[in-house]
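Novice: I'd like to ask some things about the structure below.
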Amino acid sequence: MDPIREAHLSEPGLLVVDVAGCDDATVFAFQAAIAQIWGTSTAERTTRDAGQPGVRLRMYTDLRQALEETSSPKPAPSAT
């Protein structure tokens, strides 16, 4: 694959993330994991370089928008 292009954003905390992976499932799983933590504009499709293996995905993430953790349900008190 060709090198990933460098990009600059105007504000601190904003990221452009270029992901390269073996297949769509891999890069979309990575995107989903990041989107659970920070505000992320998700991509709906990947790109391919002609004649090269693998796929690429570009996503934009805002580290200033940390998503709240979902709390797991508390166990019910045991009856004794």
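Novice: Can you list the HN-Hα couplings for region 13-25, worked out from phi with the Karplus curve (6.51, -1.76, 1.60; θ = phi - 60°), rounded to whole Hz and with x for Gly and Pro?
Specialist: For region 13-25, the Karplus curve yields x, 9, 10, 10, 10, 9, 10, 10, x, 5, 8, 4, 4 Hz.
Novice: While we're here: W38's amide H: which non-local residues (gap 5+, or another chain) put their own amide H closer than 5 Å, with H modeled 1.01 Å from N in plane and none for Pro or chain starts?
Specialist: Sorted by chain and number, the residues that satisfy this are L67.
Novice: Per residue of region 53-62, in order, report the coupling 6.51 cos²θ - 1.76 cosθ + 1.60 (Karplus, θ = phi - 60°) as ³J(HN,Hα) in whole Hz, putting x for Gly and Pro.
Specialist: x, x, 9, 10, 9, 10, 9, 10, 10, 10
Novice: Rounded, prolate or oblate: which one fits region 12-70, using the alpha carbon gyration tensor with axes a ≥ b ≥ c (rounded when a/c is under 1.5, else prolate when a/b beats b/c, else oblate)? Walk me through the numbers before you get to the answer.
Specialist: Values: a/c = 3.40, a/b = 2.00, b/c = 1.70.
Prolate, since a/c reaches 1.5 and a/b exceeds b/c.
Values quoted throughout were computed directly from the atomic coordinates according to the rules given, and no laboratory measurement underlies them. Worth saying up front: this structure is predicted, and the values here are computed from it rather than measured.
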